[in-house]
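S.K.: Provided herewith is a single structure, encoded as structure tokens, for subsequent inquiry.
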Amino acid sequence: MHHFSYRSGVLHAEAVAITRIAAEVGTPFYCYSTATLARHFQVFTEGLAGLNATVCFAVKANSNVAVIRTLVSLGAGCDVVSGGELLIALKAGAAPAKIVFSGVGKTEAELRLALSHNVGQINVESEAELDTLSRVASSLGKTVRIALRVNPDVDAGTHDKISTGRKEDKFGIEWATAPKLYRKASQLPGIDASAVAVHIGSQITELAPFEAAFKRVRELVQQLRADGIDIRHLDLGGGLGVPYDHNSNTMPPSPEEYGAMVKRVFDGIDCSFTFEPGRLIVANAGIMVSEIISIKDSSARRFVIVDAAMNDLVRPAMYGARHDIIPVQESSSATAPVDVVGPICETTDCFAKAYPLPASLKAGDLVAFLTAGAYGAVMASSYNARPLVPEVLVSGDQYAVVRRRPSFEDMMALEQSPPWAE
Ligand code: LLP
């Protein structure tokens, strides 16, 4: 469910016409809907009703401060994976106690930063990291709650490039080693080893892999408790998928079904819970809008060349991901298959092949890429010296540019001539 719909034939974000934003901001741009963000956060939270749960939005999915602030104002905490994301979460007003610091390789400086801000939990991914954290925490006279992120060796059945829970993936601590490392952690100064974390991947469209992983976590908790390690908190990660293709009839499980499964698996466990959803909260709350530069016919294909490119939305090029594409001006014209491509000098700069779009589309028309709010703007680059794509947030009949398009001067600001060339 999202709040992008046609009104009088023009695509609107809530009550704001996309054509108006395009005229004032220029294209391409990302546009987020506050009402959709709020709704997704609410639906996810409602699915967890009855659990003592904190929802920590995975900042990596969308690190726009205004977006995060919107979620924080609704009660969200943040899951961060770098010092930069930690500072963004704090800037957006997240309570430090509701910040979880995850990530495969945290530097000592990042651990120090997290400790100095008293984050609620650090998810440790290796023995070396545990040792460093203990040393830094005790030197600061602090004790921090940690979870070991355990790798349950479960195949989430998702895209190979975003699967994290198999033993050959680089993530987490191997299942068999976890009890030993917990015993060690429980003896270390500065460490409160009272949590377990698991995250098996992203865009997961079935409950079964989650359930398999969570059942293993439950067994581990019981084993650890029997060992005298008092586990009180479970961080179940993110990963619940969203529908990207309106033609597909396979729908990912709903937050309600997901929540019911979690309650079933952990019935009577007596723990508090943290969840780290990213995509589920923001994906459908965002679109990317682009203008058609030109249409080119070859003997084999019709190419719709748009002014957005793989540097603005890399998911199709990187993962073969599909995003629905719709015209901003509703059209009754019959559709014809076209390749929607960007202007970058790479074959992979292609958003969709043989995609049905109205045959009447012409240069100057606008199109919207749907479900682009997660892993869209955050993964953008300025490849081909293209300015980073701006972001707009809509609320009701208002909109604001919440990240402006950099000027050429902005883009050059970090460059310097070497002294020998002056
Ligand atoms: N927690 C941890 C430890 C994670 O690594 C991730 C995502 C999340 C939570 C949030 O997962 P979500 O709820 O968003 O599925 N760039 C890729 C997705 C990478 C996901 C990385 N980790 C894409 O565009 O599909």
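S.K.: Of all residues being within 14 Å of the ligand (Cβ to nearest atom) and not in a helix (DSSP H, G or I) in segment 57-72, which is surrounded by the fewest Cβ atoms within 10 Å (Cβ to Cβ)? Just the residue, please.
M.R.: The qualifying residue surrounded by the fewest Cβ atoms within 10 Å (Cβ to Cβ) is Ser63.
S.K.: Any residue that is closer than 28 Å to Pro343 by Cα, outside any strand (DSSP E or B) and not hydrophobic (A, V, I, L, M, F, W, C) - is there at least one of those in segment 393-403?
M.R.: no
S.K.: Please go through segment 46-56 and give me each residue that is closer than 20 Å to Pro96 by Cβ and buried (at least 18 other Cβ atoms within 10 Å of the Cβ), ordered by number.
M.R.: Ala53, Thr54, Val55, Cys56
S.K.: While we're on this one: Would it be correct to say that Ala377 is within 16 Å of the ligand (Cβ to nearest atom) and among the small types (Gly, Ala, Ser)?
M.R.: yes
S.K.: Now a separate question. If you scan segment 36-56, which residues turn out to be part of a loop (DSSP other than H, G, I, E, B) and without any contact (Cβ under 8 Å) to a residue 60 or more places away in the chain?
M.R.: none
S.K.: Here's something else I'd like to know. What do you reckon, is Lys98 open to solvent by 40 Å² or more (accessible area, probe 1.4 Å), farther than 26 Å from Pro252 by Cα and touching a residue at least 40 places away in the same chain (Cβ under 8 Å)?
M.R.: So Lys98 passes the test.
S.K.: Against the condition under 18 Å from Thr70 (Cα atoms) and modelled with pLDDT of 95 or more, how does Ala363 come out, does it pass?
M.R.: no
S.K.: Condition (residue is open to solvent by 60 Å² or more (accessible area, probe 1.4 Å), in contact (Cβ under 8 Å) with a residue 12 or more places away in the chain and of a type in the set (Val, Ile, Thr)) applied to segment 281-302: is it met by at least one residue?
M.R.: The answer is yes, given that some residue of segment 281-302 is open to solvent by 60 Å² or more (accessible area, probe 1.4 Å), in contact (Cβ under 8 Å) with a residue 12 or more places away in the chain and of a type in the set (Val, Ile, Thr).
S.K.: Then there's this: Just to check your reading of the model, which residue among Ser381, Ser331 is closer than 24 Å to Arg301 by Cβ and open to solvent by 30 Å² or more (accessible area, probe 1.4 Å)?
M.R.: Only one candidate qualifies: Ser331.
S.K.: Considering only residues that are open to solvent by less than 10 Å² (accessible area, probe 1.4 Å) and free of Cβ contacts under 8 Å to residues at least 60 places away in the same chain, look in segment 210-228 and name the one that is farthest from Asn118 (Cα to Cα).
M.R.: Step by step, filter segment 210-228, then rank; the result is Phe210.
S.K.: Being of a type in the set (D, E, K, R), in contact (Cβ under 8 Å) with a residue 40 or more places away in the chain and farther than 30 Å from Pro255 by Cα narrows it down to one of Glu206, Glu127, Glu108, so name that one.
M.R.: Sole residue among the options that is of a type in the set (D, E, K, R), in contact (Cβ under 8 Å) with a residue 40 or more places away in the chain and farther than 30 Å from Pro255 by Cα: Glu127.
S.K.: Hey, could you check segment 142-156 for residues that are closer than 10 Å to Gly201 by Cβ and touching a helix residue (DSSP H, G or I) at 6+ places or on another chain (Cβ under 6 Å) and say which is nearest to the ligand (Cβ to nearest atom)?
M.R.: In this case the residue turns out to be Ala156.
S.K.: For residues in segment 101-128 being among the acidic types (Asp, Glu) and away from the ligand (no atom under 14 Å from the Cβ), which is surrounded by the fewest Cβ atoms within 10 Å (Cβ to Cβ)?
M.R.: Among residues in segment 101-128 that are among the acidic types (Asp, Glu) and away from the ligand (no atom under 14 Å from the Cβ), the one surrounded by the fewest Cβ atoms within 10 Å (Cβ to Cβ) is Glu108.
The values are calculated or read from the model by the stated rules, or taken from the named source; none is laboratory data. All values derive from a computational prediction rather than experimental measurement. Note that we place each Cβ from the backbone using ideal geometry, even for glycine, and neighbour counts take in every protein chain shown. Areas reflect the complete protein model, heavy atoms only, side chains present, ligands, DNA and RNA absent. Shrake-Rupley method; radii C 1.70, N 1.55, O 1.52, S 1.80 Å.
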